[in-house]
Every structure is written in structure tokens, then in C-alpha cells.
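**Student:** Dropping the structure in here first, questions after.
Read the figures in this text as sums done on the coordinates, not as results from a lab. Please read these numbers as outputs of a predicted model, since none were measured by experiment. Positions of Cβ are generated from backbone atoms using ideal geometry, with glycine treated the same way; all protein chains shown enter the neighbour counts.
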Amino acid sequence: MGLTLRSVLTALISLVSLSQGISLTGPRTLLVLEDDVKAQFQTLISDLEARGFTTTTHTPKSTTLTLFQHEERVYDNIIIFPTKLKGLGPNLPSSSFLKHATAGGNILILLPSSQDDNVPTAIAELATQVDIFLPPKGFAVVNHFDLADQIEPDHNTLLVDLPSFPSDTKNYFNTGEDKAAKLLYRGAGLALGSSPLVQPILKAPRFAYSYDTKEASSFADDENVFSAGKQLALVASVQTRNNARITFVGGADLLADQSFTKVAKTNQMSGNRAFAKDVTAWTFKETGVLRVDGIEHWGEEFGKGVVNGDVYRIKHDVTFSIALSEYSYDHFEPFVAPADDAVQLEFTMLDPYYRIPLSASSSPLTQHKNSTTYSTTFKTPDQHGVFTFAVNYKRPFLSNVHEKRAVTVRHFAHNEWTRSWGISGSWPWIAGIWVVVVGWIGFVGLWLWSKPIVAEGKAKKKQ
Amino acid sequence: MARKARATTPEPSAVRPSTPNTTVDAAPKATPKTSTTTTTTSSSSSTSTVNLSANSSPFAVAGAIWDKYQKDTPQRTKLIDVFLGFLVAVGALQFIYCVVAGNYPFNAFLAGFAATVGQFVLTASLRIQTNPANKAEFSSVSPERAFADFVFGSLTLHFFCVNFIN
């Protein structure tokens, strides 16, 4: 029921948006920026509006700004642009951002690129709360071995390759036409905690490091290096347990107009604009969102006649299938798991008895439009009880799928056991019984035939 | 061999008083001589007497027991004993099969083996109740009644075994 309602709503929303790209969270986007900053991000904002986002601009100190009205989110997405202010104002404490995320809203935070600018306290607090650590004021990432611009004295502008991930992870951040394009980056970088919810999107090049420009202008040692190499994240994101997304961009210039230019070294266009689209699209849930279109399971006992039944028997074949689709800007399309990854099914009673991969089924029971049906057939274990079909698919950059269906697994009915003669091992014992029975009949016959003579004599006497 | 060995033994009359066999006194004079000349004492003797002494060989004792059994046991009791032996053989075969080939399916083993054991117990009961020697103890149970009980018990046993083996 929930699925159908949701798909109807999705259809309505896509009708309203008139085939424009649209976030699954919603189009209402709050831009927290000062007027003088807005000029630097014209392209980013106009690209967002072209994809169907409706933007509302507020200055950080705005008194009329409120994120919640009648306990409902006012905005679906928030972008916080860098500001020279030390604080964001009374209406934007760090708790308001967490409340926004808890309510399902997404947040994109652009940290200042210049080491001279402040990071507002509320932002630093929020980062710490989601296990992302920002360097203090005055830090900058440098890379002396791969200069974006030979004439830049500080080497503060980095050339960074577009993100690449292991083959078991989907890459939503390299969808531009030029896969080899370089990104221009300037900023302080981020250090990530060990939370499994935190994922680095863009990592620093191997020889880059973030250091304190005030204390160590000539050289850097252990004391004033914040982080270095692949340990240093430039863009990182947190996907909360309710699938809200909070993305930190270490340097706002990455998404600013000034970076949507040619790279001096290669004389090629930078990949920043496409990357800006990818980052905003992923953060605002235009990509990387999974939907379960249907779950079906049936067993050997009733075949496909009873689908999603409540009861299965031990040691019977059971087929389970789940239809998954993935949102891509304005439509759902079949979800294809990465090459080295697998959607898995767990058959669980307290512990998983089975954890088996699901494979894309060529002939699903029910055809779902725009979705891939993953299925598998397995034999229920020799254990009766209440089991759960569970698909727990939580992967970086994909929204969480955690579906459970509880079923009863019953034991054999009394008439389902194999009869004794069906098991060849019991034949000698069956023969044993019947030999005794036949022998007994023979004995009884002989007994009656061999009536003692003495008894006859006595009987005659009595008569 | 046994009979010849007995001929070399000392005068058996010397130890005769200690012999528990009371029937020996019926033919005291024939004892030493017949044992040396005839090898089939039981068949020739008109009584059930077998001349045994404390020094008789085990084979002679076994033979004497066998002869006495053949002579004194009623026909029906012999028939019971044959059936009991048959049940022991069948039960032993089933048990050996279980040991050698494994006890799967266990209920089949239980049913098959219990059939022989149960039948053995019932038959042994019949033997006790119908033996003329025990008449004093079972004065209230006639052999016919004992046999009817036996048939009823056996049929019940067979019914349960066939059901249990499934």
C-alpha cells in the first residue's frame, strides 16, 4: 500500500515539475549567503534552478529565517555558503541543522576557501557531531608537486583527479563528459572520523597536505600539519540513518564560478561544473536513491499459487525476489548492483541461518517497470520457527535498504515423513517384523495341531 | 572319547552317596558295567536315568541333559522352545544388522527388534504357564486361558510394531 501511494505521489510530483529534474526530497532550497558572496556562485545557483530547485535566499543573520514551521520542514535542502561572520545568527544553531536532517532534509555546506576566513561555530559543531573534523583557522592544503598554476606563489590551488572508487562502489561523482578532467580546489580540507556513516567523496592527491600557513610559512613539520595525502578529504558526506545527506565541501571555490574555467596547466576545461552538478545532485537526492518496488516469496509446497504466504516447511525450496529501482534525476531506472558487489538475502532467526547473494532474475514473477528483480532459491534449513527474510543493503552513496518479512517455518506434518519402505535401510527390520508374524502364525497352527494326548484322555474321562 | 575316558576312572560307587540324582539308586548294579559296554545308555534304559558321577565329562552331562529333555518335555513345550530359538535368531540378526549398517531409521530398528523381544517374552510366559511342572503355581490358569492371553498379547504386539515402523 505504501509503495503504491508513494509511486502515485512520485508520479504527481513529476507531472508538476514538467519533466524537469527534481529531488526526491523536494525542490525547496534555502541558500544561506550574503549578497556579496552570491556573485561568486551564479552558475551553481542557476544550474540548480534549471534542474527544478526553487531557491530562497537568506543572509545568515536574517531574523525572519526559520527552518521549521508548525514542526514541519520549511525547506527540503539547505546550502550554506561561506561567510565572513564568526557565527550564523540566532536562527541557525547547529541543532537546527540536525533537526532538519532528522526530518529528512539535506544540507550542503561550503567551507571557506581562504585560510583567512572563519568557519562559523555552528558549522564546526555540526561537523564534529557527524564525525567530520575541520582544521582551525589559517590552514590550507598545498601540493608542491602538481601545480595548477605556475605563477601562483603559495601553491594553494590543487589539481585533483575526479573521484574514483573501488569496483564494489557506485561512482556518482564522475558523470561528466570528460572523465579525465581535473578539478581545481582551494581550501583547508577535512579529516574524517571512524563513523561508518561518513564517506569521503573527494580525497586529496598523494603529495598534498594541509598545514598552518601562519605558523609554518616556510616549511611544515608534524606540529602544524593537519592531515595529508589520501587521509585528507576535500569533500566528504554523511548519510544519516534516515537517508538524509549532509555534505561538506572543504573549499567553496570548488563550486564557484571562478573554477568553471580552463586549467592553465592542461589548457582543458576543469571538471568543476560537472562535479558541482554531481555533488549537488547526490546530496539533494537526485541520484543514489534506491526504492523497493516489490518483494515476493513463494515455496515448493504451493508453488506460485501462494505468493508471500505466511508458512513454509523445513527442507523445502523457497524462492525470494526483490525488485529494486534507482532514482536518476527525474525517473526511476532499474538498479544494477556494482560488479563486485551483491545484493544479499539473509534468512534469519536471531542469527542468519543463510546469507546468500541475490542475482538479477531474467523471468520475475511480477514484471516491475523500471526495476531489476533480484532473486534466489534456497532450501529452508532443518529448523522450524519464525524466520525473517531480510535484505540489508547499506552501501556508500546509496540510500539504505533494510527490508524484513517474517514467516513461519513449520516442521514436517505427521504424514509428510517418508514411509518405512521408502528407506532401503529399514527393509531388514520390516522383514524382521513380518518374519516374526509369520513365524508366530506357524507356531499357533502347530500348537493347536499338537494337542497333548494326556489332555485328550482326561477330556474323555470327563465326558 | 568321553565314554572311554570314563572307563579308566576309579570305582564310582565310592562317591555315589554324594550324587544328587535320586534315580541312580534304581539300578545300582548295572552302573559300572553298562557304562563300559554300551555307548547309548539313554536309549536302552527304560527309565530316564543316565548314569553320571561327579567326574563325568561335560559332554556327558550335556548329553544327559539333552536326553532327559527329549524324554521328559511335553510336545507343546518343545514346540515353544523351537519358536523361542527362532525368535532369538531373528532378533540377533536384526541387532547385528543395526551394529553393522547403522541404526537409521531408528524407529524401524526399534520396531523390528521389539517385535522379536516382545514375542519372546510373551512366548516365554506361555511356556511358564502351560508347563505341567508349574501346574501347582498356576492352578487358576488353564493352558487354554494361557494360550488365549498369548494370542491376544501377540496380536497387540504385532499391531503396535507395524504401526511404529510406519
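**Student:** Leaving out same-chain residues fewer than 8 places away, which aspartates and glutamates sit with a Cα under 18 Å from that of B:LYS71?
**Tutor:** By straight Cα distance, B:LYS71 reaches B:ASP81.
**Student:** Please compute the modelled spin-label separation between A:THR175 and A:GLU215, points set 7 Å along Cα→Cβ, answer in nm with one decimal.
**Tutor:** The two pseudo-label positions are separated by 4.2 nm.
**Student:** Turning to a different aspect of this structure: Among B:LEU110, A:GLY104, A:THR56, whose Cα lies farthest out toward the positive end of the dipole of the protein assembly as shown, if unit charges sit on the beta carbon of Lys, Arg (+1) and Asp, Glu (-1)?
**Tutor:** B:LEU110
**Student:** Which trypsin sites (Lys or Arg not before Pro) from segment A:330-405 combine a DSSP loop assignment with at most 11 other Cβ atoms within 10 Å? Walk me through the intermediate numbers first.
**Tutor:** Values: sites: A:ARG355, A:LYS369, A:LYS379, A:LYS394, A:LYS404, A:ARG405; in loops: A:LYS369, A:LYS394.
Hits after loop and neighbour filter: A:LYS369.
**Student:** Give me the three principal axis extents of the protein assembly as shown from the C-alpha atoms, as integers in angstrom, largest value leading.
**Tutor:** 148, 57, 43
**Student:** Per residue of chain A, what 222 nm ellipticity follows from adding -39500 (n - 2.57) for every DSSP H run with n ≥ 4, rounded to the nearest 500? Before the final figure, lay out the partial values.
**Tutor:** Numbers: 8 runs with 91 residues, N = 463.
Computed ellipticity for chain A at 222 nm equals -6000 deg cm²/dmol.
**Student:** Report the chymotrypsin sites (Phe, Trp or Tyr not before Pro) located in segment A:113-171 that are in a DSSP loop and have at most 11 other Cβ atoms inside 10 Å of their Cβ, or state none.
**Tutor:** A:PHE145
**Student:** Would any residue of segment A:378-414 have its amide N under 20 Å from a label point 7 Å out along Cα→Cβ of A:ARG241? List them or say none.
**Tutor:** Within reach of a label on A:ARG241: A:390-405.
**Student:** If you wrap a convex hull around the alpha carbons of segment B:73-165, what volume per residue comes out, as a whole number of Å³?
**Tutor:** 85
**Student:** Residue by residue through A:438-448, how many Cβ atoms from other chains fall within 10 Å of the Cβ on average?
**Tutor:** What the average comes to for A:438-448 is 5.
**Student:** Taking a 23 Å limit on the Cα-Cα distance, which of the listed pairs A:LYS285/A:LYS394; A:LYS179/A:LYS277; A:LYS179/A:LYS369; A:LYS179/A:LYS265; A:LYS315/A:LYS404; A:LYS84/A:LYS137 fall beyond it?
**Tutor:** Numbers: A:LYS285/A:LYS394 16 Å; A:LYS179/A:LYS277 14 Å; A:LYS179/A:LYS369 31 Å; A:LYS179/A:LYS265 17 Å; A:LYS315/A:LYS404 21 Å; A:LYS84/A:LYS137 12 Å.
With Cα atoms farther than 23 Å apart: A:LYS179/A:LYS369.
**Student:** Against the globular-protein guess of 2.2 N^0.38 Å, express the Cα radius of gyration of segment A:11-155 as a ratio, rounded to two decimals.
**Tutor:** Normalised Cα radius of gyration, segment A:11-155: 1.19.
**Student:** If you stretched the chain out fully between A:THR266 and A:VAL74, how much longer would it get, using 0.36 nm times the residue separation minus the C-alpha to C-alpha distance?
**Tutor:** Between A:THR266 and A:VAL74, full extension yields 64.7 nm more.
**Student:** Same structure, new question: In what order do A:LEU30, A:LEU126 fall by count of nearby beta-carbon atoms within 10 Å, going from fewest to most?
**Tutor:** Final ranking by Cβ density, sparse to dense: A:LEU30, A:LEU126.
**Student:** Within a 10 angstrom radius of the beta carbon, how do B:CYS98, B:CYS161 rank from fewest other beta carbons to most?
**Tutor:** Ordered by Cβ neighbours within 10 Å, fewest first: B:CYS98, B:CYS161.
**Student:** Return the aspartates and glutamates within reach of A:LYS38: Cα separation strictly under 15 angstrom, same-chain partners fewer than 8 residues apart disregarded; answer none if there are no such residues.
**Tutor:** Reachable aspartates and glutamates: A:ASP47, A:GLU49, A:ASP253, A:ASP257.
**Student:** Let me ask something else. I need the calculated FRET efficiency for the pair B:ALA62 and A:TRP417, taking r as the beta carbon distance and R₀ as 51 Å, to the nearest 0.05.
**Tutor:** Details: r = 50 Å, r/R0 = 0.98.
So the FRET efficiency works out to roughly 0.55.
**Student:** So if R0 is 30 Å, what FRET efficiency would B:ASN55 and B:ASN103 give, r being the distance between their Cβ atoms, rounded to the nearest 0.05?
**Tutor:** In this case the efficiency is close to 0.05.
**Student:** Taking the Cα centre of segment B:73-165 as origin, work out the dipole magnitude from +1 charges on Lys and Arg Cβ and -1 charges on Asp and Glu Cβ, in debye rounded to 20.
**Tutor:** Value, rounded to 20: 140 debye.
**Student:** So if R0 is 35 Å, what FRET efficiency would A:SER164 and A:HIS402 give, r being the distance between their Cβ atoms, rounded to the nearest 0.05?
**Tutor:** It comes to 0.80.
**Student:** Mind sorting B:PHE138, B:PHE86 by how few other Cβ atoms lie within 10 Å of their own Cβ, fewest first?
**Tutor:** Sorted ascending by nearby Cβ count, the order is B:PHE138, B:PHE86.
**Student:** Can I ask one more? With a point put 7 Å past each Cα toward its Cβ, work out how far A:LYS451 is from A:GLU49 in nm, to one decimal.
**Tutor:** Output for this residue pair reads 12.2 nm.
**Student:** Would you list, by chain and number, the aspartates and glutamates whose Cα falls below 12 Å from the Cα of A:LYS182, excluding same-chain residues fewer than 8 positions away?
**Tutor:** The reachable aspartates and glutamates, counting only those whose Cα sits under 12 Å from A:LYS182, are A:ASP146, A:ASP161.
**Student:** Check each of the trypsin sites (Lys or Arg not before Pro) in segment B:57-155 and keep only those in coil by DSSP with at most 13 other C-beta atoms within 10 angstrom; list them in order.
**Tutor:** Those that pass, being in a loop and sparsely packed, are B:LYS135.
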